[in-house]
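The values are calculated or read from the model by the stated rules, or taken from the named source; none is laboratory data. In this text the structure is predicted, and so the values were computed from the model without any measurement. Methodologically, a virtual Cβ is constructed for each residue, glycine included, from the backbone with ideal geometry; neighbour enumeration extends over all protein chains shown. With ligands, DNA and RNA removed, areas are computed over all heavy atoms of the protein, side chains included. Shrake-Rupley method; radii C 1.70, N 1.55, O 1.52, S 1.80 Å.
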Amino acid sequence: MRITIDLGRMSRSAAALLALSALAPACQGDESSGGSTAVGWKIVPRRMYSAFDGTHSFKVPMLALNVFGVKWSISDPSLAHIDAYDDSDTAPGSEAMVLARTAGTTTISASAGSQKTSSVLTITAVTPQLWEIGRRRYVEGALIRNDVPDPAAACTNCHGAGKNDVEHTPAQIGGFSDEDVIAIFTEGRKPPGVKNRVIPFEQWSEIHRWTMEDQEKKGVVAYLRSLEPQSQGTADFAGEGVFER
């Protein structure tokens, strides 16, 4: 099953939503994952991560599983805006997009009738300069002699249109912390429970152990968080496996 994410808002037919609801298990809200009331549905990602540099756009898509017609809200609207069908910070429906406004931590809530569950959103402060360092490392490659980038070390050698088409947009990494993302491309290590998509884990791990300076690591994360969300099916929503259970 694939999700179409377009113009900052995900859209899906009613039939597809019903199929998704049937695939995803009912679960109880709990304090550790941000849930405030025991309910038969949840928000994914269960924890959200984004960035803010005052220049680029940073979004995180989110979805309420096993429920329809929810209302979205945010505890601190100064930190982020929920992409609604109007200009308020409350949106109807089962899905929405969060747009970062500044750095900080806030709570995103979804309510349906008397039931409510939530997810914590952490927005990290970065700079446009750091973003550019990350873009260069991801797109152009590592710097070698005379500070000339080596295109053979560019992440886009393998990732992107015309390659293996594996995306690293907020639709996939919005539920991964900065440390989680850095571990993926410097240690060849994924968060617990996240499956490989294209090649065996042993092979994948060996080719995802890049040596980077701290600024490059943080910059790559900032750059990836600024990408327009694009669907990758079972890898969406932080790889929580909602489509595979």
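Annotations
- Any hit, the stretch 86-93, residues being over 20 Å from Gln230 (Cβ atoms) and modelled with pLDDT of 80 or more: no
- Any hit, the stretch 48-56, residues being touching a helix residue (DSSP H, G or I) at 6+ places or on another chain (Cβ under 7 Å), buried (at least 17 other Cβ atoms within 10 Å of the Cβ), of a type in the set (S, T, N, Q) and at pLDDT 95 or above: yes
- Filter result for Thr211 (modelled with pLDDT of 75 or more and under 30 Å from Asn66 (Cα atoms)): no
- Taking the stretch 63-82 as the range and being of a type in the set (A, V, I, L, M, F, W, C), part of a loop (DSSP other than H, G, I, E, B) and modelled with pLDDT of 85 or more as the test, only Leu79 passes.
- Count of the stretch 94-107 residues which are touching a Leu at 6+ places or on another chain (Cβ under 9 Å) and at pLDDT 95 or above: 9
- Hits in the stretch 128-148 (condition: of a type in the set (S, T, N, Q) and modelled with pLDDT of 90 or more): Gln129
- Taking each residue of the stretch 94-109 that is farther than 17 Å from Gly69 by Cα and looking for partners that are open to solvent by 10 Å² or more (accessible area, probe 1.4 Å) and among the aromatic types (Phe, Trp, Tyr) with beta-carbon atoms closer than 9 Å, six or more apart or interchain, yields Ala100/Phe52; Arg101/Phe52; Thr102/Phe52; Ala103/Phe52; Gly104/Phe52.
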